[in-house]
Amino acid sequence: MDFVRFEDVSLAYQPGSPFAIEDVSLSIRENEFISLVGPSGCGKSTVMKLVTGLKPPSKGYVYVDGREVGGPQKCVGMAFQASNLLPWRTTLQNVMLPMEIVEPYRSTLRAKRAEYEEQARALIKRVGLAGFEDKFPWELSGGMQQRASICRALIHKPRLLMLDEPFGALDAFTREELWCMVRDLWQEEPFTVVLVTHDLREAVFLADTVYVMSKRPGRILVRREIDLPRPRDLDVTYTEPFAAYVHELREHIGHIRES
Amino acid sequence: MLSQNTLIRLAPWLVVLFFGLLWEGIVVAFDVPAFLFPSVSSVWHSTVMHWDPIMMHATQTFLTTLAGFAIAVVFGLVVGAAVGSSPIIYKAFYPLLVGFNSIPKVAFVPVLVVWFGIGTIPAILTAFLISFFPVVVNVATGLATLEPEMEDVLRSLGASRLDILKKVGLPRAMPYFFASLKVAITLAFVGSVISETVASNLGIGYLMMAASSSMDMALVFAGLIVIGIMGVAMYELFALVERKLTGWAHRNPNGAM
Ligand SMILES: Nc1ncnc2c1ncn2[C@@H]1O[C@H](COP(=O)(O)OP(=O)(O)O)[C@@H](O)[C@H]1O
Ligand SMILES: [Mg+2]
């Protein structure tokens, strides 16, 4: 049973304007880790908006968990390239934000605040931010802010995590550290992940399945399953099969550029 | 040697002292007649002599200003929140607000006098009319600068518009709001004094009007200086509140909430 399913989905932002994405069909299993790659402006973020119900499709159908998506989903976790932490809140308060909005936490927050804060502290510790719970965002480095942002996306235990180029602004070393962090979080307590990225190594290292999109209007060009054994260690990125996957995807992107 | 910090703290007083001495020096050196331009010492003399009435009128102006300012803050918050959180309301009301703000508020005083008689009420309303605009603009700007991605994060958690306003919009607008209070309070003084000058028998504005018609320029200047002092004091007060409550906006770890 597919957890997320697109059936010939097209979307034009304004009626009558050209499609941003066209005839996109894909299906994502529960707890599958998929990655969307493609040139800038090809509609990757648009796919995110459709999955989360922030935009209705102009044509076609989007199903999540067996039901057609009719409006914003109620408890998806999202993280973007900018951490979007609220500057007047500490790390802990930022991570607690979904608990103030998502049920059943929202209505029990008063009674169970201590318990929920304990969960938040545990998660903050798991991503390596122990000791920074009471710091404000400007006191954290870019990588740390991104860790906090991912905590905020996961604290309410969503079944669906949407990551839109979350590591795009980080240096190469920090980026790899964060790959491993996401990998560990996902491996321990699986959830469905849609990761948008420009970085083919990132896509191959993390995902079960990589989708390559064409430039505007975005279509799915290639669906590639990554059969590297899990758990994957960073060392895998230096192996022959890994390089072969990256190379193959790279060629597809190359074709887009030329055409 | 004075430390840098002491110097910064003393600088404004030194500037005031400098201009006070310059003023006194020019008046004395050129022997300017007091009914044209009184010296600092004669203004001071007049202030001491008329201390009680000055205080009485100053209190009146102060309370009038505060009342008008308070209405402006409430009104500004509500209208700013409406204008800032809905693009349609923004589009619909902005030209009207800008147009209204371009009208000199002194033009309203005669209308207000017809409606409410002379005295405190027109002064309060003039203070209100002149000072709400910066509050509206700043609150609206603060709300409208919400990042679209943050909105996506919240909406995909199931947040309502009200949730988004409470959790992100209003806190984000707070630095803008407090910045506008500093401007609004000084404008409120302008409004109440204008109205008192034209249509009141109470307040510093009235006192100055009365003094000038009896050629008592020293007292007129005393009134001007009292208004200036009240304005600076209130400005500083709101600057302090701003630093205390919205330190995060200035990335100042000490002033954070
Ligand atoms: N809110 C919007 N209104 C109108 N057009 C948009 C909007 N968001 C994106 N687009 C257009 O849709 C296309 C796909 O955008 P997007 O999904 O953001 O691409 P990507 O994330 O792959 O860079 C782009 O051509 C962009 O100009
Ligand atoms: Mg994008």
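The values are calculated or read from the model by the stated rules, or taken from the named source; none is laboratory data. Values in this document were obtained by computation on a predicted structure and should not be read as measured data. Positions of Cβ are generated from backbone atoms using ideal geometry, with glycine treated the same way; all protein chains shown enter the neighbour counts. We work out accessible area using only protein heavy atoms, side chains counted, and drop any ligands, DNA or RNA first. Shrake-Rupley method; radii C 1.70, N 1.55, O 1.52, S 1.80 Å.
So here's what we get for this one:
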{"quantity": "Long-range tail of P(r) for chain A (Cα pairs > 31 Å, %)", "calculated": "26 percent"}
{"quantity": "Crossing angle, helix A:240-258 versus chain A [Cα axis fit, 0-90 degrees, rounded to tens]", "calculated": "60 degrees"}
{"quantity": "Accessible area (Å², 1.4 Å probe, nearest 10) - A:Ile226", "calculated": "10 Å²"}
{"quantity": "Chains B and A, summed buried accessible surface - 1.4 Å probe, Å², nearest 100", "calculated": "2200 Å²"}
{"quantity": "Computed accessible area, B:Ile124, all protein chains, 1.4 angstrom probe, square angstrom", "calculated": "30 Å²"}
{"quantity": "Whole-percent carbon and sulfur share, accessible surface of region A:158-212, 1.4 Å", "calculated": "52 percent"}
{"quantity": "Cα-based equivalent ellipsoid, region B:1-73: semi-axes from gyration tensor eigenvalues, Å", "calculated": "29, 25, 11"}
{"quantity": "Within straight-line cross-link reach of A:Lys49, lysines at Cα separation under 21 Å, skipping those fewer than 8 residues along the same chain", "calculated": "A:Lys59, A:Lys74, A:Lys157, A:Lys215"}
{"quantity": "Added length on full extension, which subtracts the Cα-Cα distance from 0.36 nm per residue, B:Tyr235 to B:His45", "calculated": "65.7 nm"}
{"quantity": "Protein-only accessible surface order, largest first, of A:Leu129, B:Leu240 at 1.4 Å", "calculated": "B:Leu240, A:Leu129"}
{"quantity": "From the C-alpha gyration tensor of region A:50-164, square roots of 5λ in Å", "calculated": "28, 17, 11"}
{"quantity": "Relative contact order %, region A:35-129, counting alpha carbon pairs below 8 Å whose residues are six or more apart", "calculated": "16 percent"}
{"quantity": "Acute angle (nearest 10 degrees) that the helix A:105-126 long axis makes with the longest principal axis of chain A, alpha-carbon atoms", "calculated": "70 degrees"}
{"quantity": "Calculated [θ] (222 nm, deg cm²/dmol) that DSSP helices of n ≥ 4 give over chain A, each run adding -39,500 (n - 2.57)", "calculated": "-11500 deg cm²/dmol"}
{"quantity": "Estimated Rh, region B:26-67: Kirkwood, alpha-carbon pairs, angstrom", "calculated": "12.0 Å"}
{"quantity": "Residues along region B:133-153 losing 10 Å² or more of accessible surface when the other protein chains are present rather than the chain by itself (probe 1.4 Å)", "calculated": "B:Glu147, B:Glu149, B:Met150, B:Asp152, B:Val153"}
{"quantity": "Dmax and Rg, reported as Rg then Dmax, of region B:124-232 (C-alpha, Å)", "calculated": "21.1, 70"}
{"quantity": "Candidate residues A:Lys112, A:Lys49, A:Lys157: accessible-area rank, largest first, probe 1.4 Å", "calculated": "A:Lys157, A:Lys112, A:Lys49"}
{"quantity": "Set of lysines near B:Lys244 by C-alpha distance (under 27 Å), chain-local residues within fewer than 8 positions excluded", "calculated": "A:Lys135, B:Lys166, B:Lys167, B:Lys182"}
{"quantity": "Rotationally averaged projected area of chain B (alpha carbon convex hull; nm²)", "calculated": "18.5 nm²"}
{"quantity": "In Å², nearest 10: area of A:His255 left accessible to a 1.4 Å probe", "calculated": "110 Å²"}
{"quantity": "Dipole in debye (nearest 20) - region B:144-213, about Cα centre, beta carbon charges: Lys, Arg +1; Asp, Glu -1", "calculated": "140 debye"}
{"quantity": "Rh (Kirkwood; distinct C-alpha pairs) - region A:48-104, Å", "calculated": "13.4 Å"}
{"quantity": "Percent RCO, i.e. relative contact order, over chain A, from Cα pairs under 8 Å lying at least 6 residues apart", "calculated": "26 percent"}
{"quantity": "C-alpha long axis of helix B:4-29 to longest principal axis of chain B, angle in °", "calculated": "40 degrees"}
{"quantity": "Separation of alpha-carbon centers, region B:119-136 and region A:68-125, rounded to whole Å", "calculated": "42 Å"}
{"quantity": "Most fluctuating residue given options B:Gly84, B:Gly68, B:Gly228, as computed from a GNM of chain B linking Cα atoms under 10 Å", "calculated": "B:Gly228"}
{"quantity": "Region B:60-115, accessible surface, carbon-and-sulfur percent (1.4 angstrom probe)", "calculated": "83 percent"}
{"quantity": "Principal axis box of region A:1-96, alpha-carbon based, largest edge first, Å", "calculated": "43, 33, 25"}
{"quantity": "Gyration tensor (Cα) of region A:117-215, equivalent ellipsoid semi-axes in angstrom", "calculated": "24, 16, 11"}
{"quantity": "Gyration tensor verdict on region B:185-225 (Cα atoms; rounded if a/c is under 1.5, prolate if a/b is larger than b/c, oblate otherwise)", "calculated": "oblate"}
{"quantity": "Rg/Rh (Cα only; Kirkwood hydrodynamic radius) as it applies to the protein assembly as shown", "calculated": "1.15"}
{"quantity": "For region B:104-154: rounded, prolate or oblate by the Cα gyration tensor [a/c cutoff 1.5]", "calculated": "prolate"}
{"quantity": "Percent antiparallel among DSSP beta bridges (both partners in the protein assembly as shown, rounded to 5)", "calculated": "50 percent"}
{"quantity": "Region A:97-151: Rg to Rh, with Rh as the Kirkwood radius over Cα pairs", "calculated": "1.01"}
{"quantity": "Order of exposure, largest accessible area first, which applies to A:Glu117, A:Glu30 with probe 1.4 Å", "calculated": "A:Glu30, A:Glu117"}
